[in-house]
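Readers should treat all values here as calculations from the given coordinates under stated rules, not as data from a laboratory. Fair warning: this is a prediction, and the values are worked out from it, not measured in the lab. Cβ atoms come from the backbone with ideal geometry, glycine included; neighbour counts cover every protein chain shown.
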Amino acid sequence: MSDQSTLESLELPEQKDPSMSELSDGWHYILDSNELEKSKAVEVPNFATQIVVWRGLDGQVYALDMYCKHMGASLGCGKVDENGIRCPFHAWRWDGSGNCDDIPYAKRIPDKAKTRSWNTHEKDGKIYIWFHRTQQEPNFESI
Ligand code: FES
């Protein structure tokens, strides 16, 4: 293994840049409602960027950028916890609005612990996500 490939393997995953997407602004169908069981996280392909969706205990559908803003784990492998999703790596819990609301081993949550959330809508057995090119990612630098 070369030094270069070793370095590449340590890089964190990158979200696709939604502003580069060819999707038009508006609501986009992503899943049938019956594909999203309560308390299950699903990775969504074919969207403007990589996202994870889940159905909370309240029955609502939530969507966030896929990769955890802490150290890049896939929230698609996360565990739904009440109405949030808990990262599989260090167990930070993210609520549906993109705020980290629990870190099991910390007394304080960093102010910058925010990720991008996506508006969802469920109607007639289908789930939609709102996409708009100007939707900004929270100002985030490493925590
Ligand atoms: S990578 Fe998600 S909590 Fe650390």
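Between GLY56, GLY125, GLY76, which gets the highest mean-square fluctuation from a Gaussian network model of the chain, Cα cutoff 10 Å?
Taking springs between Cα atoms under 10 Å, the residue moving most is GLY125.
Once you've got the GNM for the chain with C-alpha springs shorter than 10 Å, pick whichever of ASP25, ASP81, ASP102 has the biggest mean-square fluctuation.
In this elastic network of the chain, the residue with the biggest mean-square fluctuation among ASP25, ASP81, ASP102 is ASP25.
In whole Hz, with x marking every Gly and Pro, tabulate ³J(HN,Hα) for the range 92-98 from phi via Karplus 6.51 cos²θ - 1.76 cosθ + 1.60, θ = phi - 60°.
Going residue by residue, I get 5, 9, 10, 8, x, 9, x Hz, with x marking Gly and Pro.
Given R₀ = 25 Å, what would the calculated FRET efficiency be for LYS40 paired with GLU14, taking r from the Cβ atoms and rounding to 0.05?
Step by step, r from the Cβ atoms, then E = 0.50.
When only Cα pairs under 8 Å and 6 or more residues apart are kept, what is the percent relative contact order across the chain?
Answer for the chain is 23 percent.
Rank TYR105, GLY72, VAL53 by how far each Cα sits towards the positive end of the charge dipole of the chain (+1 on Lys, Arg Cβ; -1 on Asp, Glu Cβ) and give me just the farthest.
Working it through, the farthest residue towards the positive pole turns out to be TYR105.
For a quick check: with amide H placed at 1.01 Å from N, whose amide H comes under 5 Å from ASP81's, ignoring anything fewer than 5 positions away on the same chain?
Residues meeting the criterion, in which the H sits 1.01 Å from N, are ARG86.
Give me a comma-separated list of calculated 3J(HN,Hα) values for the range 118-125, in order, Karplus coefficients 6.51, -1.76, 1.60 applied at θ = phi - 60°, integers in Hz, x for any Gly or Pro.
With coefficients 6.51, -1.76 and 1.60, one gets 10, 6, 10, 8, 10, 8, 6, x Hz.
Using a 10 angstrom cutoff on alpha carbons, build the Gaussian network for the chain and name the most mobile of ASP95, ASP124, ASP111.
ASP124
Give the value in nm², to one decimal: projected area of the alpha carbon convex hull of the range 25-131, averaged over all directions.
If you wrap the Cα atoms of the range 25-131 in a convex hull and average its projections, you get 6.4 nm².
Arranged by the count of other C-beta atoms within 10 angstrom, fewest first, what order do GLU22, GLU82, GLU14 take?
With the fewest neighbours first, GLU22, GLU82, GLU14 line up as GLU22, GLU14, GLU82.
How big is the charge dipole of the chain about its Cα centre, in debye rounded to the nearest 20, if each Lys and Arg gets +1 on its Cβ and each Asp and Glu gets -1 on its Cβ?
400
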